[in-house]
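Asks: Just dropping this structure here.
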Amino acid sequence: MSFNDEAVQFTNDDASCSKSFAIQRGYWNDPYILYFYKQTERKSPEISIGYYARVHSIRYLLKEFIKSVNRNCQIVSLGAGYDTTYWNLKDENLSPRSYIEVDFPNVTMKKCRAIKEQCDLLGKLQSEDDDIQLSKTEIHAFDYHLIAVDLREIKQLEQKLKACFIDKNLPTLFISECVLVYMDVDCSENLLKWIAKEFDKPAFINYEQVNMNDRFGELMITNLRQRGTELQGVRACQNLQTQVDRFEQNGWNHVECMKMIDVYRNLPQVDTQRLEKLERFDEKGLLDQLLEHYCLTWVSKGSQAFDVSEISI
Ligand code: SAM
């Protein structure tokens, strides 16, 4: 494992820390994050509002997808980190047929440990008919799988997904939340190409940086570099068009991409007013800058599974 791989894995702690802080401050509700990440460090209101917009918009699209196929689908969360969506969907009676989380072994090991220690989480994985298989880095339960794979190793990914009984004919939604940007563009393109080729009804939600060649974008890159993380995939994050191209040029045909500033403007006013009143917030300019530098892309291949024309955030 390279030094950069270690730094990339640490970005999960960063994301979890920011989510945990925002949740404890009341930006949104999630009873599960504290099972995985307890430490919190103070974050500025614009960071917490940015994370609200990120989590809220991804979950919105994800739920629309699940409802559109009456839950008869699979979700594959790539670079899932300590994401808690599986548990939250369960509470909302919106569980898909199967939910698969993928990350590096070092990350899945810590997630496995946290799940083993919490009866509340383990209990939700139980079914009358199937035993839960737990190893140091992986979990296989009846509707939940946590697997340890480097996403750059497509053969290994394919084998491990097989072990999760993935059905390539079922509508399958892949999610990557701030993940592809940490991979070399050739590797992320191979992954997108492989999914489009192998799956019959695939859909994809991608959230990550955009507009990285302006001054603020360069500052973001420098900031991460100083902490040891190289954004190896930044070439695909130059603007909205490069985000669209990476899908269209790799086998996908319905691509929608929006800057987070536009997603935020589309949120109901009661929500944005509540968010902006939660803490002393006087850096609207900084929030706008941040939201200008992230985007949400939702994609499908074919038309059945994820009719993007029907969905507006
Ligand atoms: N998706 C989670 C979220 O938004 O809370 C975690 C995001 S974190 C910024 C990026 C995650 O992607 C980390 O957990 C990291 O280990 C994972 N990741 C990045 N490159 C990966 C690769 N090649 N294989 C497996 N996981 C990877």
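The values are calculated or read from the model by the stated rules, or taken from the named source; none is laboratory data. Everything quoted here is computed from the prediction, not taken from an experiment. Neighbour counts run over all protein chains shown; Cβ positions are idealised from the backbone, glycine included.
Asks: From (1) near the ligand (Cβ under 9 Å from one of its atoms); (2) polar (S, T, N, Q); (3) over 26 Å from F204 (Cβ atoms), pick out the condition that doesn't hold for N29.
Replies: (1)
Asks: Only one of (1) at pLDDT 95 or above; (2) touching a Cys at 6+ places or on another chain (Cβ under 9 Å); (3) under 19 Å from L180 (Cα atoms) is not met by V263, so which one is it?
Replies: Condition (3) is where V263 drops out.
Asks: Taking into account only those residues within segment 250-261 that are without any contact (Cβ under 8 Å) to a residue 60 or more places away in the chain and either among the small types (G, A, S) or closer than 23 Å to G302 by Cβ (or both), which is surrounded by the fewest Cβ atoms within 10 Å (Cβ to Cβ)?
Replies: Checked segment 250-261; the qualifying residue surrounded by the fewest Cβ atoms within 10 Å (Cβ to Cβ) is N253.
Asks: What residue, of R59, R42, is at pLDDT below 95 and of a type outside the set (A, V, I, L, M, F, W, C)?
Replies: So the residue among R59, R42 that is at pLDDT below 95 and of a type outside the set (A, V, I, L, M, F, W, C) is R42.
Asks: Something else: Which pairs have Cβ atoms under 8 Å, sit 6 or more apart or on different chains, and link a residue in segment 1-23 that is within 15 Å of P105 (Cα to Cα) to one that is part of a helix (DSSP H, G or I) and among the hydroxyl-bearing types (S, T, Y)?
Replies: Every condition considered, the pairs that remain are V8/Y182; T11/Y182.
Asks: Additional query: Report whether or not E6 is within 29 Å of I221 (Cβ to Cβ), part of a helix (DSSP H, G or I) and within 15 Å of the ligand (Cβ to nearest atom).
Replies: Taking the combined requirement at face value, the residue satisfies it.
Asks: Which members of segment 35-58 meet the condition of being more than 19 Å from R274 (Cα to Cα) and either of a type in the set (A, V, I, L, M) or touching a Ser or Thr at 6+ places or on another chain (Cβ under 9 Å) (or both)?
Replies: Result: Y35, F36, Y37, K38, Q39, T40, E41, I58.
Asks: A further question on this structure: Could you run through segment 102-139 and say how many residues are closer than 26 Å to I195 by Cβ, within 20 Å of the chain's Cα centre (by Cα) and not hydroxyl-bearing (S, T, Y)?
Replies: 11
Asks: Name the residue that is nearest to S95 (Cα to Cα), counting only residues in segment 125-144 that are in contact with a Pro (Cβ under 9 Å, 6 or more places away or on another chain) and surrounded by 15 or more Cβ atoms within 10 Å (Cβ to Cβ).
Replies: Filtering segment 125-144 for residues that are in contact with a Pro (Cβ under 9 Å, 6 or more places away or on another chain) and surrounded by 15 or more Cβ atoms within 10 Å (Cβ to Cβ), the one nearest to S95 (Cα to Cα) comes out as D143.
Asks: Which residue, of D83, D103, is closer than 22 Å to Q126 by Cβ, acidic (D, E) and within 12 Å of the ligand (Cβ to nearest atom)?
Replies: Only one candidate qualifies: D83.
Asks: Turning to a different aspect of this structure: In segment 111-124, how many are within 16 Å of the ligand (Cβ to nearest atom), crowded, with 18+ Cβ neighbours inside 10 Å and either among the basic types (K, R) or part of a loop (DSSP other than H, G, I, E, B) (or both)?
Replies: Result for segment 111-124: 1.
Asks: Tell me, please, whether a residue that is among the hydrophobic types (A, V, I, L, M, F, W, C), more than 9 Å from the ligand (Cβ to nearest atom), over 17 Å from the mean Cα position of the chain (by Cα) and not in a loop (DSSP other than H, G, I, E, B) can be found in segment 62-72.
Replies: Looking for residues that are among the hydrophobic types (A, V, I, L, M, F, W, C), more than 9 Å from the ligand (Cβ to nearest atom), over 17 Å from the mean Cα position of the chain (by Cα) and not in a loop (DSSP other than H, G, I, E, B), one finds none in segment 62-72, hence no.
Asks: Of everything in segment 14-59 that's in a helix (DSSP H, G or I) and among the β-branched types (V, I, T), which residue is nearest to L224 (Cα to Cα)?
Replies: It comes out as I47.
Asks: Check segment 248-258 and report whether any residue there is closer than 28 Å to A7 by Cβ and of a type in the set (D, E, K, R).
Replies: No.
Asks: Shifting gears a bit: From the list A148, A163, pick out the single residue that is among the small types (G, A, S) and within 12 Å of the ligand (Cβ to nearest atom).
Replies: A148
Asks: While we're here: So E283 clears everything in (1) in contact (Cβ under 8 Å) with a residue 40 or more places away in the chain; (2) under 19 Å from the mean Cα position of the chain (by Cα) except one condition, right? Which one?
Replies: So the condition that E283 fails would be (2).
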